[in-house]
1. Which condition number does Ser87 fail, the rest of (1) modelled with pLDDT of 95 or more; (2) under 13 Å from the mean Cα position of the chain (by Cα); (3) open to solvent by less than 10 Å² (accessible area, probe 1.4 Å); (4) of a type outside the set (Phe, Trp, Tyr) being met?
2. What tally of residues in the stretch 12-33 results from selecting those that are in contact with a strand residue (DSSP E or B) (Cβ under 9 Å, 6 or more places away or on another chain), of a type in the set (S, T, N, Q) and surrounded by fewer than 15 Cβ atoms within 10 Å (Cβ to Cβ)?
3. Does Glu102 satisfy the criteria of being acidic (Asp, Glu) and under 11 Å from the mean Cα position of the chain (by Cα)?
4. Mind checking which pairs have a first residue in the stretch 124-136 that is under 18 Å from Asp172 (Cα atoms) and a second that is modelled with pLDDT under 95 and among the acidic types (Asp, Glu), Cβ under 7 Å, 6 or more apart or different chains?
Amino acid sequence: WEYRVVEAGRTYDDSDLGDWTRIWVVPGSSTVVPEGAFEGCTKVRYVYFDQGVTGIGKRAFADMEGLYNVYGGDVETIGQEAFAGSSVEVVTFGKELVSIGEGAFRDCAELKNLTLGKTSVTQIGNNVFRDSGIEILDMRNITGIASDAFTGSELSLQIVTSGQETSYDGADLLVYDGETDFFLSLIHI
């Protein structure tokens, strides 16, 4: 697979990206993808963040109709409405992720599951998953959830650990304390 290498500190539109469907975001003049950097781009399907890219700005990937997969690498923060209204389906972030901005995945109808249990995120704020397609959410590290975090979403299953005090009312609980990856263990059930 070939990727178009783009710098985190710039903004882009469809004409800048040509027919590229995969982009590799590298640190440039900044380690943070700026506000609205790829907003409305229609051809990009895959976004990969290189080591050193630490933040995603407000609405940086909002309203991207073709977006499918995002791999977050070393990303520490996701800004407000960063992916709002996009068609993103698969999102992977590592332990470096500590915060998700308000409305970050709002109106992402295709987003079905997201693993927060492998990140350092402890709070799910206002409207983060509002009107999204999220159905399954690994919330093993979560200690606080805003009352409107999932308003209008399709959340039906949340994965928690035994003794975890924070959960979302209205979604079934699956208590998981295993050492192996949860989704791999589902295959063996």
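The values are calculated or read from the model by the stated rules, or taken from the named source; none is laboratory data. What you see is a predicted model; the values in this text were computed from it and never measured. All Cβ positions, glycine included, derive from the backbone under ideal geometry; neighbour counts span all protein chains shown. With ligands, DNA and RNA removed, areas are computed over all heavy atoms of the protein, side chains included. Shrake-Rupley method; radii C 1.70, N 1.55, O 1.52, S 1.80 Å.
1. (3)
2. 1
3. Values: acidic (Asp, Glu): yes; under 11 Å from the mean Cα position of the chain (by Cα): no.
Here the answer is no, as Glu102 does not meet what is asked.
4. Gly133/Glu154; Ile134/Glu154; Glu135/Glu154
Residue by residue, here is whether (1) assigned to a loop (DSSP other than H, G, I, E, B); (2) free of Cβ contacts under 8 Å to residues at least 12 places away in the same chain; (3) surrounded by fewer than 22 Cβ atoms within 10 Å (Cβ to Cβ) holds:
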{"site": "Glu35", "(1), (2), (3)": "yes, no, yes"}
{"site": "Phe38", "(1), (2), (3)": "yes, no, no"}
{"site": "Cys41", "(1), (2), (3)": "yes, no, no"}
{"site": "Tyr48", "(1), (2), (3)": "no, no, yes"}
{"site": "Gly52", "(1), (2), (3)": "yes, no, yes"}
{"site": "Arg59", "(1), (2), (3)": "yes, no, no"}
{"site": "Glu65", "(1), (2), (3)": "yes, no, yes"}
{"site": "Val70", "(1), (2), (3)": "no, no, no"}
{"site": "Gly73", "(1), (2), (3)": "yes, no, yes"}
